[in-house]
Amino acid sequence: MRRTSLVLIAVALSACSVGPRPIRYGEDECAHCRMRIMDPRFGAEAVTAKGRQMPMDSVECLLDWVAESDEGMRSLWVTDYSSKQLIAAETAIYLESEHLPSPMGAGVSAYATRELAEQALRDYPGRLLDWTELKASGLSVK
Amino acid sequence: MRYFLFAILLLFGAPGADARQFDVVPGGEGLAATIAEASAGDRIVLLPGIHSATAVTIDKPLTIEGRPGAIVDGGGQGSILLVETNNVTIRDLHIRNTGVSYSRDFAAVKVENAKDCLFENNLITDVAYGFHIARSSAILVRSNTIHSAFTDQTSSGNGVHIWYGNNITITGNRITGQRDGIYLEFLKDGRITGNVCEQNLRYGLHFMFSDRSEYEDNVFRANGAGVAVMYTKNVTMRRNRFEKSWGGAAYGLLLKEINDSVVEDNLFLDNSIGMHAEGSTRVKLTGNTWDRNGWAVRIMGNCEDCVFHQNIFSGNAFDVGTNTRRNPNRFEGNFWGDYRGYDLDRDGVGDVPYHPVRLFAMLVEKNPPALIFLRSAFVSLLDVMESVAPALTPETLVDEAPLMRRPK
């Protein structure tokens, strides 16, 4: 009985956990540009204060969507280009490069660490930005 | 004038005068070696049989063509032909088997920084990308057949892919089984005509940031998500067929942030959503037919000054859906299959305005699962009450001059 109720509580807690959900590539629609999300190197996601999980196809769509939304944000997520895992947007390092096209034209990719970003910068000349610099950069869906 | 022509001849040499022809036999010294030996203006003919080629660079103006039965096989590794100069023609070849990669764009024909090239009558099979064309201009892609059988959308590529281009024409191609049939990003002055894009995994046509481009007389049928035309001004879309896009995020035509454009004489047949428009302004929609769609048109509140005139709506579950009561767009003089008005003065125009947004469509917009009540008697009753006294549907979204008969 106790075990059952523990399990139930765990289930209940996990049900209202407010992390991002995995993006279903090839199925989900981008909450901003409405396109079907295809490229697993670039997906992004916003979790709103209400707990809505909004998948997007690129960092540039995430920036635009957050700027236009009047809802509070609980957390923002971007995809680490190398591992294709979702990572926190605030701590990621971003590469803007015209040699690495991203889904909505801004040429932005995200990396879990500065080392990974610098490695990518050698292959795709451009500039590195942190989250604050990225938001101030004015980069958006072109 | 005569002197001028003479000067041109002096500059470039009489065409064909000293051009040589090289025949390449399968398994011989190969295409790459022949290209090295050839000089500008020469013709290379591949004889029937299988020619292995991986990342063969074409770095001088040449014509490369195949006799029937000539196959260029990439062996599943990387790209096959790389065009890196102007005035290249590739025709009558069967090109097949590129590599497949999540991070590299492997193509049957990869073109970069080129001008004045012609690619025609090629058969291209089992490739990530068919033609991958970047930073190029004055390119003609004509009458090619591109077909692959990918099931994994994320590693597949597009049939014809343009990334930064000028003055590019894509015409008479048939593209199936790719990710997007035709993909345009940053193309200015593009013409996409008479292509058939069918059963591609995502879009038949993906069209983004491509001002002053037109697409006409194409057929887009049964592609995973339909056609997307986005973030562009001055687009002309005429006489296309948008057919059989079924599913959650599937639209016959998705218009997003499209300004000052024309949608004319198209047919939207048998789609979940015939056309979805958001953030679009000053789009003229004339002479189109929406037949047998779930929603014919969904037009979001952030669209402005879009004008629907002389269109035909028939057999759709919903003619028009929207997400707001505010309506800054105009519907005037369309034919509505569900119109029940009369025409006492017999001028061909109904005397009673038509409200194409059903109350039920507004409810479904807010609460999609309510769709299961589509055929219920109560919903029909609601719709009748709402049409008598609109309370929730947009009051101004109304056709004051509905046509009594289908326009020709």
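FYI, it's all coordinate maths here, none of it is from the lab. These numbers come from a predicted model, not from an experiment. Quick reminder, even Gly has a Cβ in these numbers, built from the backbone with ideal geometry, and neighbours come from all protein chains shown.
For B:Lys110, the lysines whose Cα falls under 17 Å of its own Cα, not counting residues fewer than eight places away in the same chain, are B:Lys60. Along its first, second and third principal axes, ordered by size, the protein assembly as shown spans 82, 77, 44 Å in Cα coordinates. Cβ crowding within 10 Å ranks B:Phe313, B:Phe186, B:Phe308 as B:Phe186, B:Phe308, B:Phe313, fewest other Cβ atoms first. Computed as a quarter of the hull surface, the mean projected area of the alpha carbon convex hull for chain A stands at 9.6 nm². Over the range B:22-217, the Kirkwood radius and the radius of gyration, each from Cα atoms, give a ratio Rg/Rh of 0.95. Globularity index of the range B:225-408 is 0.97 (Cα radius of gyration / 2.2 N^0.38 Å, N = number of residues). Projected onto its three principal axes, the C-alpha set of the range B:108-212 covers 33, 27, 24 Å, listed from the longest axis down.
Among complete DSSP H helices in chain B, those whose alpha-carbon atoms stretch at least 15 Å along the helix's long axis and whose mean Kyte-Doolittle hydropathy reaches 1.0 are B:2-12, B:377-388. Relative to the longest principal axis of the Cα atoms of chain A, the long axis of helix A:2-15 makes an angle of roughly 30 degrees.
Dipole magnitude for chain B: about 140 debye, using +1 per Lys or Arg Cβ and -1 per Asp or Glu Cβ, origin at the Cα centre. Classify the range B:188-242 from the C-alpha gyration tensor, please: rounded if a/c falls under 1.5, else prolate or oblate depending on whether a/b exceeds b/c. Note, shape of the range B:188-242 comes out oblate. Using a/c under 1.5 as the rounded threshold, could you call the range B:278-321 rounded, prolate or oblate? The axes a ≥ b ≥ c are square roots of the C-alpha gyration tensor eigenvalues, and prolate needs a/b larger than b/c, oblate otherwise. It is oblate, given that a/c is not under 1.5 and a/b is not larger than b/c. In this Cβ point-charge picture (+1 for Lys and Arg, -1 for Asp and Glu), the range B:139-233 has a dipole of about 60 debye about its Cα centre.
Among A:Pro55, A:Pro22, A:Pro103, the residue with the largest mean-square fluctuation in a Gaussian network model of chain A, with springs joining Cα atoms closer than 10 Å, is A:Pro22.
Candidate cross-link partners of B:Lys244 among the lysines, defined by an alpha-carbon separation under 27 Å and a same-chain spacing of 8 or more, comprise B:Lys233, B:Lys256, B:Lys284, B:Lys366, B:Lys408. The range B:318-368 and the range B:68-103 have Cα centres spaced 52 Å apart.
Per-residue Cβ neighbour counts within 10 Å put B:His206, B:His309 in the sequence B:His309, B:His206, beginning with the fewest.
Classification of the range B:63-133 by its C-alpha gyration tensor yields an oblate form. The axis ratio a/c (a ≥ b ≥ c) is 1.5 or more, and b/c is at least a/b.
Legend: mean number of C-beta atoms from other chains within 10 angstrom of residue C-beta atoms, peptide A:23-35, equals 5. For chain B, the spread of Cα coordinates along the three principal axes comes to 81, 54, 31 Å, biggest extent given first.
Among A:Val59, A:Val108, A:Val47, the largest mean-square fluctuation in a Gaussian network model of chain A (Cα springs under 10 Å) belongs to A:Val47.
Extension gain, B:Glu37-B:Arg346: 0.36 nm per intervening residue step, less the Cα-Cα distance, totals 103.5 nm. Simple rule: put +1 on each Lys or Arg Cβ and -1 on each Asp or Glu Cβ in the protein assembly as shown, find the dipole, and look at B:Leu118, A:His32, B:Ala134; the Cα lying farthest toward the positive end is A:His32. Note on the protein assembly as shown: antiparallel DSSP beta bridges, both residues inside, total approximately 15 percent of the bridges counted.
Across B:Asp217, B:Asp18, B:Asp105, mean-square fluctuation computed from a Gaussian network of chain B (C-alpha pairs under 10 Å connected) peaks at B:Asp18. From helices alone, chain B scores -3000 deg cm²/dmol at 222 nm; the rule is -39500 (n - 2.57) for each run of n ≥ 4 DSSP H residues, then divide by the residue total. Each listed q (0.13, 0.20 Å⁻¹) maps to a log10 I(q)/I(0) for the range B:153-310 from the Debye sum over equal C-alpha point scatterers, namely -0.50, -1.29. Listed from fewest to most Cβ neighbours within 10 Å, the set B:Val297, B:Val352, B:Val357, B:Val364 follows the order B:Val352, B:Val364, B:Val357, B:Val297. Each residue of the range B:300-306 was assigned a 3J(HN,Hα) from its phi angle through the Karplus expression (A = 6.51, B = -1.76, C = 1.60, θ = phi - 60°), giving 7, x, 8, 8, 9, 6, 8 Hz with x at Gly and Pro. Of the residues B:Ala361, B:Leu392, B:Pro328, the one whose Cα sits farthest toward the positive end of the charge dipole of chain B, with +1 on the Cβ of Lys and Arg and -1 on the Cβ of Asp and Glu, is B:Ala361. For peptide A:104-115, the mean count of partner chain Cβ atoms within 10 Å of a residue's Cβ comes to 1.
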